[in-house]
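The values are calculated or read from the model by the stated rules, or taken from the named source; none is laboratory data. Keep in mind the model is a prediction, meaning the values are calculated, not measured. Positions of Cβ are generated from backbone atoms using ideal geometry, with glycine treated the same way; all protein chains shown enter the neighbour counts. Note: areas computed on protein heavy atoms with side chains; ligands, DNA, RNA excluded. Shrake-Rupley method; radii C 1.70, N 1.55, O 1.52, S 1.80 Å.
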Amino acid sequence: MADLIELRIDMFEDNSLHHVLETFRIAKDKFNKPLITTVRDISEGGQNAIPDRLALYEAALPLSYFVDVEINSEILLKKVKSIMNDETILIGSYHNFDLTPTDEFLEGIIREGRLLGVDIVKIAVTSNDRNDLIRLMLFTLKHKDSGVISMCMGKQGLPSRIIAPVFGSLIAYGYINKPAAPGQLSIRQLFDIFSLLNIR
């Protein structure tokens, strides 16, 4: 029922090159869906410390349709971009696990992402009240034609997991086994709600 599969290598119990490649091959054969490769550092919300993230990105690239790298990891992002082929889509992410920054700050993230040459800017911030949620959805609407993914994390931001695509977010993330971020819904929950609301 999912359109894409994100493989969070930092969440793998075994992130050796052999295991990563085998997992990607199995996922590609089993699901026959475009794969998103993501390797988060612990400071970016990653689950495990990985000394050489570039090597894992490089290994997974031939099997990936999307690659997701944090915008603040500028050096890594530039290196990943330099080894990508023209068909791979680069997502530049920004995460804030404490709050929703000002619109001016988020505009700066969009500009920085474009300067770095990303194809899609992903903004995942923490909503501490309903105003944060509304503000990010309006920000998403403003940038809906420029390639953006957005979501509010946490209990207050949960509605964004459902309504962000209505405002122009390109991808809604759900989990299969366990949430990868605060407030994330399961694929089954998203599918049921999207079908009910005729969003998908």
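Numbers at a glance
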item: Top-ranked residue in region 137-159 [being assigned to a strand (DSSP E or B) and free of Cβ contacts under 8 Å to residues at least 40 places away in the same chain; ranked as farthest from T88 (Cα to Cα)]; result: M151
item: Pairs with Cβ under 6 Å, 6+ apart, first in region 112-132 and under 15 Å from I75 (Cβ atoms), second part of a helix (DSSP H, G or I) and of a type outside the set (V, I, T); result: L116/L77; G117/K81
item: Residue within region 65-72 that is under 21 Å from V20 (Cβ atoms) and of a type in the set (D, E) present; result: yes
item: Selection from region 120-136 of residues that are of a type in the set (D, E) and either in a helix (DSSP H, G or I) or open to solvent by 80 Å² or more (accessible area, probe 1.4 Å) (or both); result: D132
item: Verdict on E13 being out of contact with any Lys or Arg (no Cβ under 7 Å at 6 or more places or on another chain), in a loop (DSSP other than H, G, I, E, B) and under 26 Å from L190 (Cβ atoms); result: yes
item: Number of the condition not met by E104 [criteria: (1) more than 16 Å from R161 (Cβ to Cβ); (2) open to solvent by less than 80 Å² (accessible area, probe 1.4 Å)]; result: (2)
item: Any hit, region 89-100, residues being in contact with a helix residue (DSSP H, G or I) (Cβ under 6 Å, 6 or more places away or on another chain), open to solvent by less than 40 Å² (accessible area, probe 1.4 Å) and either among the aromatic types (F, W, Y) or part of a helix (DSSP H, G or I) (or both); result: yes
item: Condition met for R53 (within 30 Å of N131 (Cβ to Cβ) and either open to solvent by 30 Å² or more (accessible area, probe 1.4 Å) or free of Cβ contacts under 8 Å to residues at least 12 places away in the same chain (or both)); result: no
item: Residues that are closer than 18 Å to A180 by Cβ and open to solvent by 20 Å² or more (accessible area, probe 1.4 Å), drawn from region 15-43; result: N15, T23, F31, K33, P34, D41, I42, S43
item: Members of region 107-119 found to be open to solvent by 40 Å² or more (accessible area, probe 1.4 Å) and outside any loop (DSSP other than H, G, I, E, B), listed by number; result: R111, E112, R114, L115
item: Residue match in region 160-181 (condition: assigned to a loop (DSSP other than H, G, I, E, B) and in contact with a Ser or Thr (Cβ under 6 Å, 6 or more places away or on another chain)); result: yes
item: Extreme residue, farthest from E87 (Cα to Cα), among residues of region 56-72 that are in contact with a helix residue (DSSP H, G or I) (Cβ under 8 Å, 6 or more places away or on another chain) and open to solvent by 20 Å² or more (accessible area, probe 1.4 Å); result: N72
